[in-house]
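Structure first, commentary second.
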Amino acid sequence: SQQGEEDPQALSIQEGENATMNCSYKTSINNLQWYRQNSGRGLVHLILIRSNEREKHSGRLRVTLDTSKKSSSLLITASRAADTASYFCATAPGGGNKLTFGTGTQLKVEL
Amino acid sequence: SAVISQKPSRDICQRGTSLTIQCQVDSQVTMMFWYRQQPGQSLTLIATANQGSEATYESGFVIDKFPISRPNLTFSTLTVSNMSPEDSSIYLCSVDGDFTDTQYFGPGTRLTVL
């Protein structure tokens with residue numbers, strides 16, 4: 001079963017706009033990760049936020065984590081057509097290294 | 001970061017046959033993971049493979065259907081046995097990152113079963 005539910009399932013925006021996607025999870029975590037997948041290929045790790053962190057930045061990415069609500073958000077600022085991909089949150093319930101992935105958000109950035 | 005390759009990148013197979021997918025890493029790693037991604041779905045962990053021991057399978061996956069080998073610290077194979085159209089998926093291997101909780105993924109094997 002999926003640990004994380006993501007919304008929206010699909011998101012279409014214009015280049016230059018910001019994209020926000022949300023992830024909710026069910027159990028306690030040590031960290032939460034975001035991955036990107038282009039066209040059904042391998043996953044690329046984007047960013048990891050630990051349970052004692054509330055916000056983290058990496059380039060155009062901003063991730064927040066609210067452990068009281070068991071939710072996280074990924075913001076991509078000034079989006080580009082190359083950001084078109086599926087984005088997944090992932091957690092390791094129980095603190096192990098077996099990742100459980102969210103349902104994913106399909107982002108389309110149009111020129 | 002680890003560089004991971006998978007073979008084949010894609011295949012079309014007949015039902016009832018088996019396909020072995022290879023995963024090669026450019027450095028020695030303790031744990032390797034195999035995931036399945038059904039069409040339009042998220043990733044589901046099939047099993048964890050440690051060198052020198054039996055793979056550990058997740059609920060819903062069994063060794064007879066998905067036998068795994070892990071002969072050394074840089075290589076693993078996943079076999080999809082007695083395939084049916086429901087096995088059509090992308091199969092991905094991954095490894096733990098050094099000193100981090102992240103994972104590095106191979107490019108995936110896209111399997112279509114007719």
If R0 = 35 Å, then residue A:24 and residue B:1, at their Cβ-Cβ distance, give a FRET efficiency to the nearest 0.05 of 0.75
Per DSSP, the loop-located trypsin sites (Lys or Arg not before Pro) within segment B:1-63 having at most 16 other beta carbons within 10 Å are B:15
The distance between the Cα centres of segment A:24-102 and segment B:1-70, in whole Å, is 23 Å
Ranking B:28, B:47, B:18 by how far each Cα lies towards the positive end of the charge dipole of chain B (+1 on Lys and Arg Cβ, -1 on Asp and Glu Cβ), the top one is B:18
Taking trypsin sites (Lys or Arg not before Pro) as exposed when in a DSSP loop with at most 12 other Cβ atoms inside 10 Å, chain A has its longest clean stretch at A:1-53
Hydrodynamic calc, the protein assembly as shown: Kirkwood Rh from Cα pairs, then Stokes-Einstein at 4 °C with viscosity 1.567 mPa s, so D in µm² s⁻¹ is 72 µm²/s
With +1 on the Cβ of every Lys and Arg and -1 on the Cβ of every Asp and Glu, the dipole magnitude of the protein assembly as shown about its Cα centre, in debye rounded to the nearest 20, is 60 debye
The local net charge around residue A:103, scoring Lys/Arg +1 and Asp/Glu -1 for residues other than residue A:103 whose Cβ lies under 11 Å from its Cβ, equals -3
For chain A, whose charge dipole is built from +1 on Lys and Arg Cβ atoms and -1 on Asp and Glu Cβ atoms, the candidate among A:63, A:93, A:79 with its Cα farthest towards the positive end is A:93
P(r) of segment B:7-100 over all Cα-Cα pairs, 5 Å bins starting at 0, rounded to whole percent, reads 3, 13, 25, 26, 19, 10, 4, 1, 0
Among GluC sites (Glu not before Pro) in segment B:18-109, those in a DSSP loop whose Cβ has at most 11 other Cβ atoms within 10 Å are B:54
Dividing the mean separation of Cα pairs under 8 Å (6+ apart) by the residue count of chain A yields a relative contact order in percent of 39 percent
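Readers should treat all values here as calculations from the given coordinates under stated rules, not as data from a laboratory. Everything numeric here is computed off the predicted structure, so don't read it as measured data. Positions of Cβ are generated from backbone atoms using ideal geometry, with glycine treated the same way; all protein chains shown enter the neighbour counts.
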